[in-house]
Amino acid sequence: MKRKAGLLSISLVLALSAGLAACGEKKEEGKATVRLAEVTRSIFYAPQYVALSQGFFEEEGLKVEFQTIAGGDKVSTALLSGQIDVALVGAESTIYVRNQGADDPLINFAQLTQTDGTFLVSRKPVANFDWSSLKGVTFLGQRKGGMPQMAGEFTLKKKGIDPHKDLNLIQNVDFANIPAAFTSGTGEYVQLFEPQATVIENEGKGYVIASFGKESGKLPYTVFMSKKSYINKNSDTVQKFTNAIHKAQKWVEAKSVPEIAEAIISYFPSTDKAVVEGVVKRYKDQGSFATDPVIDEAEWKNLQDVMEAAGELKARVPLDELVNNSFAEKAAK
């Protein structure tokens with residue numbers, strides 16, 4: 001889930017899009033159309049697929065045109081240039097764009113996931129794991145500047161480990177190639193998203209021993225955002241969109257793991273259903289799926305603590321500058 005690389009492209013599109021009029025609301029068959037893009041296809045985003053598969057957007061009178069645009073920088077660029085209306089990506093993207101001087105900033109309006117989604121996987125079984133035992137090992141981490149890497153390093157530092165001094169840290173492997181690099185012999189430990197962590201465990205090639213999501217705490221990890229101008233011009237659509245997301249959040253909270261897996265399995269046609277169920281259970285058990293779309297002060301502070309610890313935060317940004325909770329609060333009522 002590489003989110004930061006390519007900030008230059010965002011800078012360029014800021015200049016190109018500064019003079020463009022904000023996207024207006026499109027209508028089709030009496031429904032407002034929302035062009036939505038996610039940063040990657042992931043079971044981590046289960047409530048979003050539930051909103052799509054269970055017809056919650058349609059219930060709110062919306063037609064959603066849905067796509068995946070890999071990479072946080074590319075999603076932000078698509079949003080800034082008006083190619084899409086709403087993006088599902090890390091909240092840190094709004095801070096990066098703001099710090100580059102955007103005239104029309106990206107605003108977070110609904111939270112989907114509230115923890116990091118990665119896990120610590122060892123090559124060999126580890127009994128009574130203690131974080132201090134990682135000192136001196138070869139650790140295959142996530143790419144520098146992305147939220148997975150920042151949350152991972154934040155956790156390691158909390159546990160008294162300097163990731164750049166106490167580990168042989170590898171960070172030059174592309175996100176998509178990290179699982180294959182580990183299974184082919186690179187690293188004694190690896191930081192992995194699901195379903196790769198479960199697949200590797202099922203194959204007997206690794207063992208999930210800890211959760212970076214549990215250790216790094218709650219933060220607005222993945223959120224829905226849009227340009228400020230779009231939100232101002234299409235507030236009714238944004239409210240309906242947020243209502244649909246909250247319906248999905250409540251549905252996920254209330255339903256069993258098999259029911260959730262059945263609702264989202266069509267979005268993962270190449271993944272075994274048992275794996276989908278295992279991943280949903282793991283994320284649900286550790287509270288990764290937000291139960292409401294509100295981003296609170298504590299979560300926003302923790303996000304910036306994580307970014308600051310990684311040296312990726314130029315200056316702290318007040319919650320109300322880049323978060324509009326009015327839609328989430330209304331939906332939650």
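Just a few scattered comments:
- Pick from region 249-262, criterion among the hydrophobic types (A, V, I, L, M, F, W, C) and free of Cβ contacts under 8 Å to residues at least 40 places away in the same chain, ranking: surrounded by the most Cβ atoms within 10 Å (Cβ to Cβ): Ala261
- Residue list for region 66-77, restricted to those being open to solvent by less than 70 Å² (accessible area, probe 1.4 Å) and not aliphatic (A, V, I, L, M): Phe66, Thr68, Gly71, Gly72, Asp73, Ser76, Thr77
- Taking the criterion of being in contact (Cβ under 8 Å) with a residue 40 or more places away in the chain, open to solvent by less than 70 Å² (accessible area, probe 1.4 Å) and in a helix (DSSP H, G or I), the residues of region 301-325 that qualify are Asn302, Leu303, Gln304, Asp305, Val306, Met307, Ala309, Leu322.
- Region 263-294, residues that are assigned to a loop (DSSP other than H, G, I, E, B), among the small types (Gly, Ala, Ser) and open to solvent by 40 Å² or more (accessible area, probe 1.4 Å): Ser270
- Filter pass, Glu60 being under 21 Å from the mean Cα position of the chain (by Cα), crowded, with 19+ Cβ neighbours inside 10 Å and acidic (Asp, Glu): no
- Filtered residues of region 119-164 (kept if open to solvent by 10 Å² or more (accessible area, probe 1.4 Å), among the polar types (S, T, N, Q) and at pLDDT 95 or above): Ser132, Ser133, Thr138
- Test: Asp116 is open to solvent by 40 Å² or more (accessible area, probe 1.4 Å) and acidic (Asp, Glu): no
- Hits in region 165-188 - residues which are in a loop (DSSP other than H, G, I, E, B) and either closer than 23 Å to Lys214 by Cα or at pLDDT 95 or above (or both): Lys165, Asp166, Leu167, Gln171, Ser184, Gly185, Thr186, Gly187, Glu188
- Hey, Val275 modelled with pLDDT of 95 or more and either basic (Lys, Arg) or under 18 Å from the mean Cα position of the chain (by Cα) (or both) or not: no
The values are calculated or read from the model by the stated rules, or taken from the named source; none is laboratory data. Source: prediction; values computed, not measured. Cβ coordinates were reconstructed from backbone atoms using ideal geometry, including for glycine residues, and neighbour counts include every protein chain displayed. SASA here: full protein model, heavy atoms, side chains in, ligands and nucleic acids out. Shrake-Rupley method; radii C 1.70, N 1.55, O 1.52, S 1.80 Å.
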